[in-house]
Number of protein chains: 4
Amino acid sequence: MLSFTCDYLEGAHPEILKKLSQTNLEQTVGYGEDDYCLSAKEKIKKAIDNPNADIYFLCGGTQTNQIAIAGLLKPYEGVICADSGHINVHEAGAIEYCGHKVLAIPQHDGKINSTDLQEYLSQFYADDNQQHMVYPGMVYISYPTEYGTLYSRRELEDIYALCKKYDLTFYIDGARLGYGVVRGENSLKDIAHLCDVFYIGGTKIGALFGEALIFCNNNTPKHFTTVIKQHGALLAKGRMLGIQFDCLFQDDLYIEICQRADEMADEIRRAFKSKNYRLVYENCTNQVFVLMSKTQIERLKTKVDFAVWDKYDEDTYITRFVSSWATTLQNVEILRSLI
Amino acid sequence: MLSFTCDYLEGAHPEILKKLSQTNLEQTVGYGEDDYCLSAKEKIKKAIDNPNADIYFLCGGTQTNQIAIAGLLKPYEGVICADSGHINVHEAGAIEYCGHKVLAIPQHDGKINSTDLQEYLSQFYADDNQQHMVYPGMVYISYPTEYGTLYSRRELEDIYALCKKYDLTFYIDGARLGYGVVRGENSLKDIAHLCDVFYIGGTKIGALFGEALIFCNNNTPKHFTTVIKQHGALLAKGRMLGIQFDCLFQDDLYIEICQRADEMADEIRRAFKSKNYRLVYENCTNQVFVLMSKTQIERLKTKVDFAVWDKYDEDTYITRFVSSWATTLQNVEILRSLI
Amino acid sequence: MLSFTCDYLEGAHPEILKKLSQTNLEQTVGYGEDDYCLSAKEKIKKAIDNPNADIYFLCGGTQTNQIAIAGLLKPYEGVICADSGHINVHEAGAIEYCGHKVLAIPQHDGKINSTDLQEYLSQFYADDNQQHMVYPGMVYISYPTEYGTLYSRRELEDIYALCKKYDLTFYIDGARLGYGVVRGENSLKDIAHLCDVFYIGGTKIGALFGEALIFCNNNTPKHFTTVIKQHGALLAKGRMLGIQFDCLFQDDLYIEICQRADEMADEIRRAFKSKNYRLVYENCTNQVFVLMSKTQIERLKTKVDFAVWDKYDEDTYITRFVSSWATTLQNVEILRSLI
Amino acid sequence: MLSFTCDYLEGAHPEILKKLSQTNLEQTVGYGEDDYCLSAKEKIKKAIDNPNADIYFLCGGTQTNQIAIAGLLKPYEGVICADSGHINVHEAGAIEYCGHKVLAIPQHDGKINSTDLQEYLSQFYADDNQQHMVYPGMVYISYPTEYGTLYSRRELEDIYALCKKYDLTFYIDGARLGYGVVRGENSLKDIAHLCDVFYIGGTKIGALFGEALIFCNNNTPKHFTTVIKQHGALLAKGRMLGIQFDCLFQDDLYIEICQRADEMADEIRRAFKSKNYRLVYENCTNQVFVLMSKTQIERLKTKVDFAVWDKYDEDTYITRFVSSWATTLQNVEILRSLI
């Protein structure tokens, strides 16, 4: 059955599979020391305009968040994040498993804002019992957020300024980064200059799997390869990750994939609007959130698959439709015909 | 340069790449709930003759060891293993990172024996200070061992009997399992009946990556998928793992790959012996350990790559040559001509 | 300067010091296996009317919470608690340090209620993404709460019923338990029958230090002494704890101490009310919360010490005055004369 | 029954109890910020001749080792120690619980030597697979050792030189430090200048409980009080620790206690030798190890208590007799009459 449940339903962009086949019999060293990883890193450094960036390839989003956050925080530190943040809700406690508290502050359309953040930090540093509390050591956001929304340039700058003022690492979860950078106010280069650490998601953007974790300011934790190994996350055939990112950052393939997927999401938005459905968390990236009644959901679910995201009110639910590199106009047309 | 350094130098067996391409555009659900994972599990259950086995696919060996061991042990328990064991030496403290002590006992050609094990356990349970010590909760071995050696049927039975007597989980690290089961006294089915938990390695046996972790006796830790997620190890496109193992267990491909690789290792052994080199840890699996002088190493290294494993005595080193699915007779001939 | 900042300002109740002196030269075995620990346990079992209770003595409240919670939860589980709960705010992340998420739900006068709890649990078990989330494994409350308030019998019964329904351990932090049981609807025996695990605080109720952790339903984690040791919390001269609790549970000393302290708190309440101060979180235990302006605080602070607890509104603060076994009527009179 | 099983059989030195009584009704702030802690720290700084030392009081030895080691090590680091070391054998895996591997090297009479240490470090840094291994970050010894033996000045200097060369923290477990410094080549001041971090044991040397952890070189981990709290080890009535150490370091009481105990141990040695018993691990501190047959043990155990430490050979056991501040000449005479 046709599905719009998420952006990791298919395999990989054909270019990636092609390159995996072409290089299959080559012998390379393991653990990410090969030439494909090297080449991919060079291309990414160029794309983010930061020749000093330090880049590591990992297999998935939760893994990347867990290792980056555990690697960067001191034992007595926690990470501030929106209460709707992925690390706070949907990573099975992976951050706490490594010993760190997630310090949740309110979300607004999936985003945190600098007013709430400032208040949290002021209160913390004014508290007499501070020594008995978890020190904030990092601010985590995702770009786009869980709801597909984007931070404005000003919003990122304000958060980053607070991070610098309070000596916090600013970390951006970029599981869907591409879908955001081709649309919002912030390009890939901007993102790379508005935070300390971020990752470029591959799993949800055309790769079989893989994320590129980037330390922007000579701030890589010491012996980080060992830290990755200690977390069980060092891929023996590390070239798999290098080859995929080398391919994604060749001839702007990454950008192209994201633009196309966002356009397909626009088509989905138009389809629902043309049938008078109401959208929520309206955004311009690849996730479309639509209000539906229980009856509408049940009927549509017999023809096409999608996620029921949350309850909206007594009778209404928030549903989610997601596009990817593999979404075709034809599929959107089928969806339009069914709603 | 031609390399024999390890068994993960190339990509994947061509059948695997073919199947990844064929299925690329199909939409499947994520996180290992797809039909390919299901099919692969059925094939493995048949291959190990255990219809009740519970199987999970993970990405790498250290990851699999870490999650299985942390998932199975109680907080106050540690895992007994050879002092040369992979988890004791080459996993960057991944077991300890999860809170558990590795209880090392002496290795003999890479193996532990039931005499030492019995003695360790007797002493522990006779100790008045037992409550201040780490309780043994598991025995870990690898098959083949780090040195390519194999346990006899009797040796496995004796260890397993002790595990049952002392209520320990018997866990077999099968990173290179196939290379062992096609040669030694124990078939895949035997292994599956001589332990509580084991994994079938894919990374070192023809897959791009992937290991199949198998709980044999209805002994899966509760909510194990959540445990995997918590470790950052739940692959979004889980079908990648299912497709690869489905392919490896189709028409005995896994067995075929291992037989061929072991034959190539035999050829390497013959080559060295014919040139009067001395072998150590002599075994019948895919790792060949050869004694060389510093001069021999330096000269050969200019032509072919291999690992210098350890010092043997003042002037002699133990080197390692490894075969895989991709090793050809032609390459072994080149090696023979160079030594 | 006279201080009302907390209930651990002085040493121990004189009876305790006396007994420590009397027994000082006796030789006993270590680690809590001595006769004083045994005797104290018997007295506590009688006091809580549970001959099968399993009791362990620990040194402090955070330590007890940490070890009890880490000992009882499975790795994939978290603990539900009021967002104002001690483990969520003032234990420096001790629970997360051991790998577990604190699942905060709203507080109402320091308490959680069964409606919010039911909603949290219903939503969790209705969530399709449940496997990617932290499973609730325990409910934590404190009695009295951080704000000195008490749960009614009905409130405890409702929470405990939900715990049973959803297979959660119900754990009561009794750092100030005595101050509550001598006043509210629930006696010590009631508490012991309305939860699975709780502790009787000593540090804040007359002891030099020490808490008695009680497993009510044959639910002690296996090898719990080893778990305590592993947390660095097994006192060599364990008799120190036994002697203190033996003394506190001799001739109802514990109850007597608490009654007196609560009466002193009543006097403090009367003093503030007679001078037209407004109280908040009004309760009947040993903590009195008073609204004061900045000027009032500054003036009073020159004469007597107390805690400024929180901001109330722009110009008003919540202050806290605490009584203990050592608070005298004379001291309260001095306070009255100063406000 | 008269017991020589260990040095924590009685309560506290009478001077300590006296001071606890004298100060009992004073009100002080909590968590170690009080004047008694301050005064004790000043006295210790003088005693170790290091005005810049940073001192924290904790409750027990395992707790101190755990927090110091976890606080000082980076996540990827482990601690080198004798295979007989307390942290490796008798702390229930407390170090591993905090994520760190104990890297055991051979003991010789309970001590490590610089030759073995140098070899371990050379091999580690020569290993090509270093990134897959646990980095050594600290050397742990105890002074005296588990067997009561002492390191010579030269031995400590050699180990410390290696620590500096390889950037390792040198940590000395001083659970019984006093018994060593009054006898061997190294005074308290010497110890304090021959390592980076150490602790002065109180529990086994006259206190009810308590250890003084000392950072010698401005090397305290940041926010260390919070780290202590996070481990559940921050005592509310911190003055209990301050008062005890203030008392122990008043008028050389600590030294006096240790000298007396060591003299009593000498008497015990003489007693056994005069009856032709053989001693092992012969040393000059407060632990006496005596060889006994099973019959001898069984007979003596009916009259006096002591520890059976280990098997020596088929028919012989190593027993242990320990003296403390409370051991009297009269008791040693009784022992002499029974053996």
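Read-outs: derived from the displayed coordinates by stated rules, not from any lab. As the structure is a prediction and not an experimental result, all values here were calculated from the model. Please note: Cβ atoms are built from the backbone with ideal geometry, for glycine as well, and neighbour counts cover all protein chains shown.
How large is the helix-only mean residue ellipticity at 222 nm for chain B, computed as the sum of -39500 (n - 2.57) over DSSP H runs with n ≥ 4, divided by its residue count, in deg cm²/dmol to the nearest 500?
After summing the helix terms and dividing by residue count, I get -11500 deg cm²/dmol.
Express as a percent, rounded to the nearest 5, the fraction of DSSP beta bridges in region A:141-223 (both residues included) that run antiparallel.
Beta bridges within region A:141-223, antiparallel portion: roughly 55 percent.
Any idea how far the Cα center of region B:182-213 sits from the one of region B:106-180, in Å?
Cα centroid to Cα centroid, the span is 17 Å.
How far is D:Leu38 from itself in the other copies, in nm, if each label sits 7 Å out from Cα along the Cα-Cβ line, shortest first?
From this label point to the equivalent ones elsewhere in the assembly: 4.6, 6.1, 7.2 nm.
With an 8 Å cut-off on Cα pairs and a minimum separation of 6 or more residues, tell me the relative contact order of chain A in percent.
The normalised contact order for chain A reaches 26 percent.
Could you name the residue in chain D with the C-beta closest to the rotation axis that superposes chain D on chain A, along with the separation in whole Å?
D:Gly99, 4
Output the antiparallel fraction of DSSP beta bridges having both residues in region B:74-186, as a percent to the nearest 5.
The antiparallel fraction comes to roughly 5 percent.
I'm a student and want to see the number: the projected area of the Cα convex hull of chain A, averaged over all directions, in nm².
17.9 nm²
In square nanometres and to one decimal, what's the mean projected area of the convex hull around the Cα atoms of the protein assembly as shown?
Projected area, direction-averaged: 51.3 nm².
Quote the FRET efficiency, to the nearest 0.05, computed for C:Glu314 versus A:Gln130 with a Förster distance R0 of 22 Å and r equal to the Cβ-Cβ distance.
0.45
Return the FRET efficiency for the residue pair B:Asp251, B:Arg153: r is the Cβ-Cβ distance, R0 is 35 Å, and the value is rounded to the nearest 0.05.
0.80
When DSSP assigns beta bridges and you keep just the ones with both residues in the protein assembly as shown, what percent turn out antiparallel, to the nearest 5?
Restricted to the protein assembly as shown, the bridges split so that about 60 percent are antiparallel.
If you put a point 7 Å past Cα along the Cβ direction, how far is that point for B:Glu333 from the same point in each other copy, in nm, smallest first?
Going from nearest to farthest copy, the values are 5.7, 9.5, 11.1 nm.
State, to one decimal in nm, how far the label point of A:Gln330 lies from the label point of C:Ser122, with both points 7 Å from Cα in the Cβ direction.
4.5 nm
Give me the distance between the Cα centres of region D:71-100 and region A:234-255, rounded to whole Å.
Cα centroid to Cα centroid, the span is 39 Å.
Quick check on the exposure proxy: order B:Ser323, D:Ser142, C:Ser39 from fewest to most C-beta atoms within 10 angstrom.
With the fewest neighbours first, B:Ser323, D:Ser142, C:Ser39 line up as C:Ser39, B:Ser323, D:Ser142.
Around A:Tyr97, with a cut-off of 15 angstrom between Cβ atoms, what is the net charge of the other residues, counting Lys and Arg +1 and Asp and Glu -1?
-1
What pairs in C:Lys111/C:Lys165; B:Lys46/D:Lys101; B:Lys165/D:Lys74 have C-alpha atoms more than 28 Å from each other?
The pairs that break the limit, which is 28 Å between Cα atoms, are B:Lys46/D:Lys101; B:Lys165/D:Lys74.
Once both labels are modelled 7 Å past Cα along the beta-carbon direction, what's the D:Arg270-C:Ser293 spacing in nm?
That separation, rounded to one decimal, is 7.8 nm.
Points 7 angstrom from Cα along the Cβ direction at C:Lys74 and D:Lys165: gap in nanometres?
5.1 nm
List, shortest first and in nm to one decimal, how far the label point of C:Lys273 (7 Å from Cα along Cα→Cβ) is from its counterparts in the other copies.
Its label point is 6.2, 7.7, 9.8 nm from the equivalent points in the other copies.
Order by neighbour count: B:Lys189, D:Lys41, fewest other Cβ atoms within 10 Å first, most last.
So the residues, fewest neighbours to most, are B:Lys189, D:Lys41.
Could you please rank C:Thr316, D:Thr319, A:Thr64, placing first whichever residue has the fewest other Cβ atoms within 10 Å of its Cβ?
Lowest to highest Cβ neighbour count: C:Thr316, D:Thr319, A:Thr64.
For chain B, with a Gaussian network of springs between Cα atoms less than 10 Å apart, report the residue from B:Ser21, B:Ser187, B:Ser114 with the top mean-square fluctuation.
Per the Cα network of chain B with a 10 Å cutoff, B:Ser21 tops the list.
So, counting K/R as plus one and D/E as minus one, what does the shell of residues with Cβ under 14 Å around C:Ala126 add up to?
Local charge sum for C:Ala126: -2.
Quick one: if the Förster radius is 35 Å, what FRET efficiency do C:Leu2 and D:Lys46 give, using the C-beta to C-beta distance and rounding to 0.05?
E between C:Leu2 and D:Lys46, to the nearest 0.05, is 0.60.
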